[in-house]
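Asker: Please see the structure below; I have some questions.
The values are calculated or read from the model by the stated rules, or taken from the named source; none is laboratory data. Remember, it's a predicted structure, so these values are computed and weren't measured experimentally. No Cβ is skipped: glycine too gets one built from the backbone with ideal geometry, and neighbour counts run over all protein chains shown.
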Amino acid sequence: MMPMSLMMLRRVAVCALCVVALACVATAVRADEAAGVAWAALSPPQQQVLHSFEERWSQLPADRQAALAKGSDRWLTMSPEQRSQAQQRFQRWHELPPAQREQMRERWRQFRTLPPDEQQRIRQHFDRFRQLPPERREQLRDRWRRMTPEQREQFRDRVRPHHGHD
């Protein structure tokens, strides 16, 4: 029998990894789901937010246009504090090595294939993780980093919900 704190640690670590990936690539839109957006179809506030794209807008892929339009909508509804946090996340994203960004994109794609109830469960676990004191979060991160790949996989197997009766 595994101690409750270790089990919770493992659940929180897996959820944290999934949701971090979610947060970093939240504006990603699959190309087959997106339709192009004409510059003239953007509202004046959206055009102001996206002004640096105006000259090349028509050359952007349709999925990129849709993602930018959606992102500008979100930006316009954010508080100044939320905008500051988004800018910080964007900066951290661009500082990541390309291989790590691709790995996070793949995790996001995997997350999106999960059933809604499983996505909600992961989001709830991540919310609990974020509410922990920073020192505790760092302890959990350090513990995760020290795990071998096999230990991490065993942990993932333990925290995944089992939908059937074996």
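Asker: Go through the residues of segment 136-149 one by one and say whether even a single one is free of Cβ contacts under 8 Å to residues at least 60 places away in the same chain, among the hydroxyl-bearing types (Ser, Thr, Tyr) and part of a helix (DSSP H, G or I).
Answerer: No, segment 136-149 has no match at all.
Asker: Give me a count of the residues in segment 41-63 that are out of contact with any helix residue (DSSP H, G or I) (no Cβ under 8 Å at 6 or more places or on another chain) and charged (D, E, K, R).
Answerer: Number satisfying all stated conditions: 2.
Asker: Could you look through segment 31-59, keep only residues that are crowded, with 16+ Cβ neighbours inside 10 Å and closer than 25 Å to Arg109 by Cα, and pick out the one that is farthest from the chain's Cα centre (by Cα)?
Answerer: Val37
Asker: Evaluate the following for Gln124: is it under 30 Å from Gln46 (Cα atoms), at pLDDT below 95 and of a type in the set (S, T, N, Q)?
Answerer: In short, no.
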